[in-house]
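Comments concern the structure below.
The values are calculated or read from the model by the stated rules, or taken from the named source; none is laboratory data. What you are looking at is a predicted structure, and each value in this text was computed from that prediction instead of being measured. Note: ideal-geometry Cβ built from the backbone for every residue, glycine included; neighbour counts use all protein chains shown. Remember, those area values only see protein heavy atoms, side chains included, never the ligands or the DNA or RNA. Shrake-Rupley method; radii C 1.70, N 1.55, O 1.52, S 1.80 Å.
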Amino acid sequence: MWLCIVNFHFKITTLCAWCLLWLAASGWSAEIYVSTTGDNSAGTNWTTAYTNLQAVLDAARPTDTIYIAGQQFNLSTSLYWSATGSTVTIRGSYAAAGDDPLPGPQDFINSPTILQGPVAPTNNRIMRVNFVTNGWVEGIVFTNGFGSGGGLYANSCSLTITNCMFIRNRVISTARIFDNGTGGGLAVNTGWVTVVDTLFRNNQWMWAGDSHKGAGAYLNIATGLFVRATFQDNSIYGQSYQYGGGFYANGGVFTMVDCVFSNNSTEPNYGRGGGIYASANLAATFSNCVFINNYVGGNNQYGGAITLEGVGTALVAGCTFAANAGETSGEDIWIGSVANTLVRDSIFAGGSSNGITQKFGALLIVSNCLFHSKAGNGILVSTGLTAIINTTLADNNGWGLSNIMGVVTIKNSIAWGNYYGGLTTNRIDATYTCSQEPLSGTGNVVTNPLFALGYYLSVAGLTNQTDSSTCIDTGTGDASDYGLDAKTVRTDGGGDTGLVDLGFHATNGWSATALSNRVLYVDIAGGDDTTGNGWSPATAFKTIAKALTRAVYGSTINIAAGQYSTNNGETLPLIPKQLNLTLTGADLNSVFINGSSTTQLVRVQGWGKLRFENISFTNGFTISSAIKGPGLYLIGCLTTITN
């Protein structure tokens, strides 16, 4: 046997096809190298690397590792990974600069392995995986795939996908030749998948058909775990009934941990779940996730961020929802026919509709949450049982809590500053709650809660606070009874001790830097975005756009005289990233936000209350009728424009 073994780990230095088969039969694993610049002779290092990835997948056997150079592989047909390649590891994004050491440095950013489909759309996925168990995929960019599971389609597999990207996989057609499209980036049909540190961006379904599902990723009767995955700018545009712009799950169980969903959308009609649509799942869990600027369009649509229908148990914990929207509705979470939903330690801010709509759910529990600056209600209950504990419902443009035909209990909570009122009075049992109107029940009060720096409670002696809120130490039970003794209602972060304080408890207080960013200064002529901190006229930022990146909740941005245009270094359109901001100019006749007839000036989607004063907006422009508001585009926010 002409086989050379060079170290104790059985690293193979000479490999041919029959050697590979012999090794598999012997239980030894092979390390196989693939590179477009290899000499295609042995595949044992980068010099002798094979050039045909499909041939390597065909030959690979259990426990083999395939190393792929950080290069672009232009595919004319789909790659196929079959069950004979179970327990195979595929690792990409290697610099492949030399053979000592092997495999050498792996760099996902500077040396990505790109598997790219044909530029002209064809019915080719990038990779199809069939009946593979314990497969591992790492450091691969899947792009320009076409069809269901355009990036990767896995059928009855168990896979781990880590440090990968699914970008611009799509289906675009003007002819109605395909309905029920699934998973533009990733599609998993039965089995299980673990996805870690992976990006799904700009994957699209754009057919003239109906019922497309999950432009970013799709699970069908599968178990999925997604950790630190990002779903960004994925979209579905069909005729009607589009589900899950970012992600769709039908059946099975899935968990999202530390994931981000931003700017995902479904359009134009009967959209369901701009970010996520989940149906018929045994359980769905969202932990420490962020949902921002997701959108659901058209008539009869719901769930700007999440739509849950027919789910057994849903848990939303430690999540943030901001500026999610819909053409006519677009709540952060829409609940239909869900047996049990628990939402805790989460924030719902801005957006064009309600925070939560409990439409047909059986039981909803909301614990230690903050609903503020919603264009609709904080919470809308249509049917079912709802329990609300230690929750703040403030400054919403509808009711804090609106109940139609459900049965609701609320305690240790605050409902204040909502446009229509704190709580509707029908079928709501309120105790130990501070509301903007009198409520029957034990321990209820009608007293200004004295919110400080957002929705903390004022404590005399702390920054910008002269009096203490009467909502402190007035709940029922101790803070520790609710697990809130390590959380805070104070801007300095002090924990809650003794009787529980009313309302939402944050994890942390304000830092000194954040407090300083409450008031910022901008000067297009004398400011500097690099060296300035924006805390005074002498250290002003140059651009408003820079100030918007530093602003915190409730910041005031003071704008000095000048022409704020792209010609002078400003970035337009201006897009706020925080709630309840005030932009105030030095003088109406000297402060100009100028689009120079080339760009939109301000674009705001669901960022709570905004105030513009003493500013001239001029020469705004949009090139497409689809982009509305060349001067100011405002959706889902309460705006004051004066002088």
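For the chain, the longest principal axis of the C-alpha atoms and the axis of helix 17-26 are separated by about 70°. The three principal axes of the C-alpha atoms in segment 286-401 carry coordinate ranges of 28, 27, 26 Å, sorted with the longest axis first.
Test of understanding: express the Cα radius of gyration of segment 384-502 as a ratio to 2.2 N^0.38 Å, with N the residue count. Each step should come with its number before you reach the end.
Numbers: Rg = 14.0 Å, N = 119, 2.2 N^0.38 = 13.5 Å.
Here the Cα radius of gyration is 1.04 times the empirical estimate.
Let a ≥ b ≥ c be the square roots of the eigenvalues of the Cα gyration tensor of segment 495-551; is it rounded (a/c under 1.5), or, if not, prolate (a/b larger than b/c) or oblate? Here segment 495-551 falls in the prolate category. Dipole of segment 31-178 (Lys/Arg Cβ +1, Asp/Glu Cβ -1, origin at the Cα centre): which of TYR33, ASN124, SER78 lies farthest to the positive side? Farthest towards the positive end: ASN124.
Given charges of +1 on the Cβ of Lys and Arg and -1 on the Cβ of Asp and Glu, with all other atoms neutral, how large is the dipole of the chain about its Cα centre, in debye to the nearest 20?
Numbers: 28 positive and 36 negative charges, 205 e Å.
Value, rounded to 20: 980 debye.
With protein chains left intact and a 1.4 Å probe, residues in segment 35-174 average 38 Å² of accessible area per residue.
Of the residues TYR482, SER516, GLY532, the one whose Cα sits farthest towards the positive end of the charge dipole of segment 477-575 is GLY532 (charges of +1 on Lys and Arg Cβ, -1 on Asp and Glu Cβ, taken about the Cα centre). Could you name the lysines in cross-link range of LYS609, using Cα to Cα under 25 Å and dropping any fewer than eight places away on the same chain? Qualifying lysines at Cα under 25 Å: LYS374, LYS542, LYS546, LYS577, LYS628.
Element breakdown for the chain at a 1.4 angstrom probe: carbon and sulfur atoms account for 53% of the accessible area. For segment 549-643, the Cβ-based charge dipole about the Cα centre amounts to some 300 debye (Lys, Arg positive; Asp, Glu negative; other atoms uncharged).
Could you provide, to the nearest whole Å², the per residue accessible area of segment 356-488 with probe 1.4 Å? Don't jump to the answer; show the numbers that get you there.
Working: 4920 Å² over 133 residues.
So segment 356-488 comes to 37 Å² accessible per residue, rounded to a whole number.
Choose one of PHE592, ASN580, ALA561: the residue whose Cα lies farthest towards the positive end of the charge dipole of segment 522-614 (beta-carbon charges +1 Lys, Arg; -1 Asp, Glu; about the Cα centre). Among PHE592, ASN580, ALA561, the one farthest towards the positive end of the dipole of segment 522-614 is ASN580.
Our summary gives segment 547-598 a relative contact order of 49 percent, counting only alpha carbon pairs under 8 angstrom and 6 or more residues apart. Listed by chain and number, the lysines whose alpha-carbon sits under 26 Å from that of LYS213, ignoring those within fewer than 8 places in the same chain, are LYS359.
Rounded to the nearest 500 deg cm²/dmol, what is the calculated helix-only ellipticity per residue at 222 nm for the chain, with -39500 (n - 2.57) per DSSP H run of length n ≥ 4? If you can, show how the numbers build up before the last one.
On the way: 4 runs with 29 residues, N = 643.
So the calculated ellipticity at 222 nm is -1000 deg cm²/dmol.
Only Cα pairs under 8 Å and 6+ residues apart enter the sum, and on that basis the relative contact order of segment 398-475 stands at 22 percent.
Normalised per residue, the accessible area of segment 302-343 is 21 Å², obtained with a 1.4 Å probe and no contribution from ligands, DNA or RNA.
For ALA362 and THR328, the FRET efficiency from 1/(1 + (r/R0)^6), where r spans their Cβ atoms and R0 equals 30 Å, is about 0.70.
If a spin label sat at a point 7 angstrom from the Cα of THR409 along the line to its beta carbon, the backbone N atoms of segment 442-466 nearer than 16 Å would be those of 442-444. Quote the relative contact order of segment 222-355 in percent (integer), defining contacts as alpha-carbon pairs under 8 Å separated by 6+ residues. Computed over segment 222-355, the figure is 20 percent.
Label-to-label distance, ILE109 versus ASN288, with points set 7 angstrom from Cα along the beta-carbon direction: 2.1 nm. Taking a sphere under 13 Å around the Cβ of GLY303 and counting the other residues whose Cβ falls inside, with K and R at +1 and D and E at -1, yields a net charge of -2. For segment 260-345, the square roots of the Cα gyration tensor eigenvalues, ordered a ≥ b ≥ c, give a/c of at least 1.5 with a/b no greater than b/c, which places it in the oblate category. If you plug the beta carbon distance of THR87 and ILE641 into 1/(1 + (r/R0)^6) with R0 = 41 Å, you get a FRET efficiency near 0.05.
As an exercise, use a Förster radius of 56 Å and the Cβ-Cβ distance of SER440 and ASP258 to find the FRET efficiency, rounded to the nearest 0.05. The partial results should precede the final answer.
Values: r = 43 Å, r/R0 = 0.76.
Taking R0 as 56 Å, the efficiency between SER440 and ASP258 is 0.85.
What percent antiparallel are the DSSP beta bridges of the chain, to the nearest 5?
Details: 6 of 203 bridges.
If we restrict to bridges inside the chain, about 5 percent are antiparallel.
Residues of segment 488-508 falling in the label zone of THR463, defined by backbone nitrogen less than 20 Å from a point 7 Å along Cα to beta-carbon, are 488-496, 505-508.
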